[in-house]
Each structure stands twice: as C-alpha cells, then as structure tokens.
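Working notes for the structure below.
The values are calculated or read from the model by the stated rules, or taken from the named source; none is laboratory data. Remember, predicted model here, so these are calculated numbers, not experimental data. As a convention, Cβ positions derive from the backbone with ideal geometry for all residues, glycine included, and neighbour counts pool all protein chains shown. All accessible areas refer to the heavy atoms of the entire protein, side chains included, with ligands and DNA or RNA removed. Shrake-Rupley method; radii C 1.70, N 1.55, O 1.52, S 1.80 Å.
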Amino acid sequence: MVRLVLYWTTHGIYGTSHGMAKGYAWLFRLLVVLIFLVVVIVCLQQVINYLSYDLRGPSSAVVRMLGGVGLEEPLARALYWYVLQIGFSLLLIKLVIRRPFRDVGFNLHNKQSSRTIILWFIPLYTAVVVLAWLAMARIWGVGMILGGVEPQTLAYQVKDIAIFSLLPGPGEEPLFRVFVIQLLLMVLYSGKDAETRAAKLFLIVVSSLLFALAHVFVLSFVPLQLKYSVLQVATSFVLGMVYAYSYLHTKSIVAAVVCHNYTDFVVRFGAYVLLSFVGT
C-alpha cells in the first residue's frame, strides 16, 4: 500500500508537461510525503514509548533481564528504547526505501570529508556549549543546565554516560537522515541525489524540522502525552541541519553518527561534572 501511494505521488496526477502543472504536482507530492512522514514519526515514537516506558507494556520482562546484568531500571529502559528505535528504523528503510543499506549511507565512503566534518564539529560544538552554559547559568541558574541529572554512584554515571554517548547516533540517524532524506529524494526527485544547493538546503531544513518534531515527546515517554523543552526542540533543529549536511555531503552516516553521539556525550558528561561541583 505504501509503495502504491508513493508511486502515485511520484508520477503525479497532472499528466502534463506544462511548467505550472508540474509545479503543482511537485507541491502535491511534497504535501503527501510530509503527511506520511509526520504520521510515521509520531506513531513510531508512541509505539516505542509504549514498548519501552509504559508499565502496562511488555517492557517489564526486558527490564528484569537487563537488571540481571547490572543495569538499573532507567538505564535498562533507555537502552531498550534505542534498540527498538534502531530496529524499527532499519525495518522502515528495508520495506519502504528498498535499496541496499550500503547505497543509502551505511558505508565508509568519503572518509576524508567525514573526518574533516568531525574534527571541525567537536571543538566548535564544545565551545558553543560552554558559552551557552555560562549564559544559561547567569540567566536561569545552574539547575537549567543539569537537565534533571541527579547525584548517582560512579558506576551508574559511567553506564549512563556510555548509553547516552554511544546509542543516540545509531538510534536516530538511520531514521531522520537515511529514511527521511531518502524518502524525500524518492518522492520528489525520482530517487536521484540532490544536485543543486537549493535542493540540498530544502532536504536539510525539512529533515531537521521533522527531527525537531520528534523531540516534542522526548521529556515524557508516556504515549500521547505532550511535554517538551522549547530549547531542546530548537537545539535539535540546529543540530539536525549539521547532521543532514554531513549525510548529504559525504553520502555516509558516519560523521552524523559520531557528531550526534558527541553532542549527547558533552551534555551528559558535562552535567555530571557540574553536579559534582555544585552538589544537589
């Protein structure tokens, strides 16, 4: 059914070569694919939240199993959430995009370009975070920076930092960079790579807006409950543009995954370091 809808929208309903008709057909395809992506992202978010965080869901057995290997409940649920996100994202790519994973970004192409992006991003992002935290501390106080992080044992902190430093990239980049951008290319550009700057900018902005939309639910994992941070949604949009640019520029998700992991590492590690100085 999905493939039938995408085929229909790709070929349009205005079978004419007239420029204006083509423009209307393109806008129609854009509207359809955006509606489809919003529905998929919101529904997927709710399903994963239910499976991993809703106490009425099937997560209890998984949490107990992970607890047996030393993962506390919050960490077990976070790990389970990311594993589900990875699994569902790969399934969507397989069923809808139907191209080899290597061809859509799961590769080591353009390693030099990826390395350059990473080496520029790490110091730049670190400097921006430090300056932003100084400003936030002055305006709203240190509590705004901690983001809910509480005093924990060293072992807990290590596991927490490891999960949120290694899984956000693999968990979210396949969905928001590979699936979203490849679907937009398939529907709007006949599956060809974006060649013009305008097309690339369009893909970057649209995919980043959808990435920001997904973060509306990130502070509350209860299905269908809206709770979000305006700052986090805005930050997600800006960082999403960086990740999308790196994906389109290198045709690989390596740089996007590394940069994404680094952003979460800085925030998590920095919060614990700051907490050790200010206490509770």
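Could you look through the range 108-125, keep only residues that are modelled with pLDDT of 95 or more and of a type in the set (S, T, N, Q), and pick out the one that is most open to solvent (accessible area, probe 1.4 Å)?
Here the answer is Gln112.
Could you tell me which residue of the range 86-95 is farthest from Ala255 (Cα to Cα), considering only residues that are open to solvent by 10 Å² or more (accessible area, probe 1.4 Å) and not aromatic (Phe, Trp, Tyr)?
Leu95
Since Met136 meets every condition but one in (1) buried (at least 17 other Cβ atoms within 10 Å of the Cβ); (2) under 19 Å from Thr263 (Cβ atoms), which condition does it not meet?
(1)
Would you please name the residue that is modelled with the highest pLDDT, looking only at residues in the range 210-228 that are touching a Ser or Thr at 6+ places or on another chain (Cβ under 9 Å) and open to solvent by less than 50 Å² (accessible area, probe 1.4 Å)?
Filtering the range 210-228 for residues that are touching a Ser or Thr at 6+ places or on another chain (Cβ under 9 Å) and open to solvent by less than 50 Å² (accessible area, probe 1.4 Å), the one modelled with the highest pLDDT comes out as Phe211.
Suppose the filter is open to solvent by 60 Å² or more (accessible area, probe 1.4 Å), assigned to a helix (DSSP H, G or I) and either closer than 26 Å to Leu30 by Cβ or touching a Phe, Trp or Tyr at 6+ places or on another chain (Cβ under 7 Å) (or both); does Leu239 pass it?
No, not satisfied.
Any residue at all in the range 259-273 that is buried (at least 21 other Cβ atoms within 10 Å of the Cβ), at pLDDT 95 or above, part of a helix (DSSP H, G or I) and not polar (S, T, N, Q)?
yes
Give the range 47-73 a look and list any residue that's open to solvent by 20 Å² or more (accessible area, probe 1.4 Å), in a helix (DSSP H, G or I) and either on the phi > 0 side of the Ramachandran plot or in contact (Cβ under 8 Å) with a residue 40 or more places away in the chain (or both), or say none.
Matches in the range 47-73: Val47, Tyr50, Tyr53.
From the set of residues in the range 12-42 that are modelled with pLDDT under 50 and open to solvent by 40 Å² or more (accessible area, probe 1.4 Å), which is nearest to the chain's Cα centre (by Cα)?
In this case the residue turns out to be Ile13.
Within the set of pairs 6 or more residues apart or between chains, which connect a residue that is over 24 Å from Asn49 (Cβ atoms) inside the range 201-217 to a residue that is polar (S, T, N, Q) and assigned to a helix (DSSP H, G or I) with Cβ atoms less than 7 Å apart?
none
Against the definition (aromatic (Phe, Trp, Tyr), at pLDDT below 95 and under 18 Å from the mean Cα position of the chain (by Cα)), how does Phe179 come out, yes or no?
Here the answer is no, as Phe179 does not meet what is asked.
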